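Worksheet for the structure shown next.
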Ligand SMILES: NC(=O)c1ccc[n+]([C@@H]2O[C@H](COP(=O)([O-])OP(=O)(O)OC[C@H]3O[C@@H](n4cnc5c(N)ncnc54)[C@H](OP(=O)(O)O)[C@@H]3O)[C@@H](O)[C@H]2O)c1
């Protein structure tokens with residue numbers, strides 16, 4: 001089963017390659033639609049939800065929705081480290097501000113702790129070497145405290161061409177002689193397969209691996225601005241027709257089959273996308289199909305340069 005990421009459910013503008021840039025629903029309408037996506041996901045069996053304070057109204061929405069449920073099997077993962085600043089303005093120049101300080105951790109925990117007891121994973125949002133967060137003793141000690149106090153798993157999420165470097169450093173971080181991090185949320189998809197070289201190490205150490213951006217922020221879907229992927233589009237469309245699912249289900253299944261025991265996140269922004277994503281559960285890709293898809297990998301530098309150029313729509 002997939003988990004559901006809420007980045008596109010909390011902010012009307014989000015990083016993607018959306019062609020229709022004109023449809024901006026009112027905030028209230030947007031909120032109602034996002035609520036329906038959460039509810040549909042639950043009805044279809046999703047029990048793992050990923051959110052963050054940086055996702056606009058996503059935490060708030062998820063909290064409100066959780067109150068309509070009485071189900072101990074619901075698991076929430078959230079993060080700290082980004083503040084949403086766009087104020088739902090379609091023309092905002094800055095959408096989020098990063099701050100990996102002890103003050104930000106304490107401030108955002110005050111809100112996020114409302115997810116307890118469903119809160120299972122608490123993550124540093126986009127840990128990087130530059131912010132020094134993996135060397136910040138006060139932050140690491142506070143996370144170790146929360147881990148013990150609330151029985152949480154402590155994680156990082158990674159973004160960028162040096163994801164593996166950050167992962168390797170994070171695995172070795174210890175507080176009072178104990179490894180701090182037990183969960184790693186990483187970008188992995190047909191275009192950026194760099195995680196594969198480290199996935200087994202993480203799994204052997206009993207770490208939880210969560211896959212994000214499985215459809216490469218929409219780059220898996222045929223688009224005339226990305227003609228260099230036309231062979232990939234053709235392959236995905238052929239496999240989708242063969243398995244009688246959408247090509248998003250092929251892309252998600254690729255991730256699930258290659259990174260064993262991982263939790264793959266759907267980034268669906270609508271019920272239609274969600275339903276299509278969940279079709280991944282119905283199929284199994286053959287070894288030959290997996291190998292064919294593996295041949296479309298790009299270099300992390302190319303992948304992340306292209307990702308930087310995507311717009312907030
Ligand atoms: N640093 C971090 O911690 C971090 C970063 C990124 C993501 N995440 C987490 O991972 C989750 C998933 O990542 P993501 O949403 O960024 O990337 P993704 O899953 O690769 O891309 C999702 C986007 O692809 C587009 N899309 C078009 N057709 C789709 C279809 N059939 N199914 C699904 N998507 C379709 C949607 O854009 P349109 O709305 O334009 O249709 C949607 O917003 C997020 O919700 C978040 O929880 C975490």
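The values are calculated or read from the model by the stated rules, or taken from the named source; none is laboratory data. What you see is a predicted model, and the numbers here were worked out from it, not measured in a lab. Neighbour counts run over all protein chains shown; Cβ positions are idealised from the backbone, glycine included.
Annotations
- Filter pass, residue 210 being under 17 Å from the mean Cα position of the chain (by Cα), closer than 18 Å to residue 82 by Cα and surrounded by 23 or more Cβ atoms within 10 Å (Cβ to Cβ): no
- The set of residues in the range 1-38 being under 27 Å from residue 283 (Cβ atoms) and either more than 10 Å from the ligand (Cβ to nearest atom) or at pLDDT 90 or above (or both) consists of 1, 2, 3, 4, 5, 6, 7, 8, 9, 36, 37, 38.
- Residues located in the range 260-270, provided they are surrounded by fewer than 18 Cβ atoms within 10 Å (Cβ to Cβ) and more than 9 Å from the ligand (Cβ to nearest atom): 260, 261
- Boolean, residue 52 is in a loop (DSSP other than H, G, I, E, B), surrounded by 20 or more Cβ atoms within 10 Å (Cβ to Cβ) and within 15 Å of the ligand (Cβ to nearest atom): yes
- If you check 126, 112, 194 for being within 15 Å of the chain's Cα centre (by Cα) and either part of a helix (DSSP H, G or I) or under 19 Å from residue 262 (Cα atoms) (or both), only one passes: 126.
- Index of the failed condition, residue 236 passing every other in (1) surrounded by fewer than 22 Cβ atoms within 10 Å (Cβ to Cβ); (2) away from the ligand (no atom under 11 Å from the Cβ): (1)
- Each residue in the range 234-270 was checked for being touching a strand residue (DSSP E or B) at 6+ places or on another chain (Cβ under 8 Å) and in a helix (DSSP H, G or I), and 3 pass.
- Criterion applied to 167, 195, 105, 191 was being crowded, with 18+ Cβ neighbours inside 10 Å, without any contact (Cβ under 8 Å) to a residue 40 or more places away in the chain, within 16 Å of the ligand (Cβ to nearest atom) and over 14 Å from residue 78 (Cα atoms), and the one residue passing it is 167.
- Only one of 96, 59 that is modelled with pLDDT under 95 and either within 16 Å of the ligand (Cβ to nearest atom) or touching a helix residue (DSSP H, G or I) at 6+ places or on another chain (Cβ under 7 Å) (or both): 96
- The residues in the range 208-233 that are assigned to a loop (DSSP other than H, G, I, E, B) and touching a strand residue (DSSP E or B) at 6+ places or on another chain (Cβ under 8 Å) can be counted, and the count is 2.
- Among residues of the range 177-191, those that are in a loop (DSSP other than H, G, I, E, B) and in contact with a helix residue (DSSP H, G or I) (Cβ under 7 Å, 6 or more places away or on another chain), counted: 6
- Residues in the range 271-288 that are within 9 Å of the ligand (Cβ to nearest atom), more than 16 Å from the chain's Cα centre (by Cα) and either within 24 Å of residue 184 (Cβ to Cβ) or not in a helix (DSSP H, G or I) (or both): 0 in all.
- Subset of the range 76-102 (residues that are under 25 Å from residue 2 (Cβ atoms) and in contact (Cβ under 8 Å) with a residue 60 or more places away in the chain): 77, 79, 84
- Consider the range 170-188 and keep the residues that are without any contact (Cβ under 8 Å) to a residue 40 or more places away in the chain and touching a strand residue (DSSP E or B) at 6+ places or on another chain (Cβ under 6 Å). The one that is nearest to the ligand (Cβ to nearest atom) is 187.
- Each residue in the range 150-174 was checked for being assigned to a strand (DSSP E or B) and either closer than 15 Å to residue 199 by Cα or under 17 Å from the mean Cα position of the chain (by Cα) (or both), and 5 pass.
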